[in-house]
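Report on one structure; see the data block that follows.
Every read-out reported here was derived from the displayed coordinates using simple, explicitly stated rules and does not represent laboratory data. Predicted model, so just to flag it, every value in this text is computed and none were measured. Neighbour counts run over all protein chains shown; Cβ positions are idealised from the backbone, glycine included.
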Amino acid sequence: MRKILLSTLLCLSFSMVFGQDNFEKSLDSIQTLDDVTIFLKKNKKVKGKVIVFNREKHATRMADVIFKMGVGSKRSFKDAPQKTYYKVIEKYKIPYYRVSYVYLDGSETPLEDINAARKRVISQYNQGATFSDLAVKNSMDDTAKRGGDSGWFKEGDLHPEFEKAIVTSNHAEGDVFTVDIPEIKAYYVVLVTHERKLIEEVKVLKITEPKN
């Protein structure tokens, strides 16, 4: 009886290892985002998703390791009860922008008052007031809490008219200018705080080995 039980356990152990090896090898067939979609459709019990690591936004040990990996390479981390793999699908650099701004809401304030407020903000800034303090006191959205800082953003993250005024203009770091978006009654004073920056990003398939 003991021999039968031992033999059964050995067979189960072998099948589990064999299954794990097969799963890991199956990941080698995934090379593109389309391959990811096809793989997940065929293997509906597998939990997987594509995540993006950004060099500026992610400063963890895991991110540091992933940025050093080449396209197509994979590895696992002990971050979950089940074995989870991270496979690099794409690596690239993309332009990012960063400004600070004072936002004024035209649905709450008459345009005449908004223009007067913007002139006052620009005048006070030129006289030595810090832009972050001016944003805290005058801006009418949540960025006021962080001194008007937009954080790093790429095209497609914000309103297209706002982005256009920054991305396609010749404004340099330190320039102050206004942006009007009448259709949504949004009016801004904008300070360019950083030059355009190419930031490295990595698209990674995070996929968890299914339970046997």
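Before moving on, here are some points about what is shown:
- Residue among His159, Leu205, Ala186 farthest towards the positive dipole end of the range 112-208, charges placed on Cβ: Leu205
- Backbone geometry of the range 50-58 corresponds, through the Karplus equation with coefficients 6.51, -1.76 and 1.60 at θ = phi - 60°, to 3J(HN,Hα) couplings of 8, 10, 10, 9, 10, 4, 7, 8, 10 Hz, x marking Gly and Pro.
- A simple packing score, the average count of other Cβ atoms within 10 Å per residue, orders the peptides 127-136, 33-42 as 127-136, 33-42, with the highest score first.
- Zero-based 10 Å bins, Cα pair distances in the range 98-195, whole percents: 16, 54, 29, 1
- If the chain linking Glu155 and Glu108 were pulled fully straight, counting 0.36 nm for each residue of separation and taking away their Cα-Cα distance, it would gain 14.1 nm.
- Shape box of the chain [Cα atoms, principal axes, largest first, Å]: 91, 31, 30
- Pairwise FRET efficiency - Lys57 versus Ile184, Cβ, R0 = 30 Å, nearest 0.05: 0.65
- Straightening the chain between Lys137 and Asp35 buys 31.7 nm, computed as 0.36 nm per residue apart minus the Cα-Cα spacing.
- For the chain, the mean residue ellipticity at 222 nm estimated from helices alone is -11000 deg cm²/dmol, where every DSSP H run of n ≥ 4 contributes -39500 (n - 2.57) and the total is divided by all residues, rounded to the nearest 500.
- Computed from the C-beta positions of Phe77 and Ala172 and an R0 of 35 Å, the FRET efficiency is 0.25 to the nearest 0.05.
- Taking the C-alpha atoms only, the angle from helix 33-42 to the longest principal axis of the chain is near 50 degrees.
- With Cα atoms, 0 to 90° folded angle of helix 111-126 axis to the chain main axis: 80
- Alpha-carbon centroids, the range 154-171 and the range 28-86: separation in whole Å: 31
- Folded to 0 to 90 degrees: helix 2-26 orientation relative to the chain principal axis, Cα: 40
- The relative contact order of the range 98-195, computed from alpha carbon pairs under 8 Å that lie at least 6 residues apart in sequence, is 42 percent.
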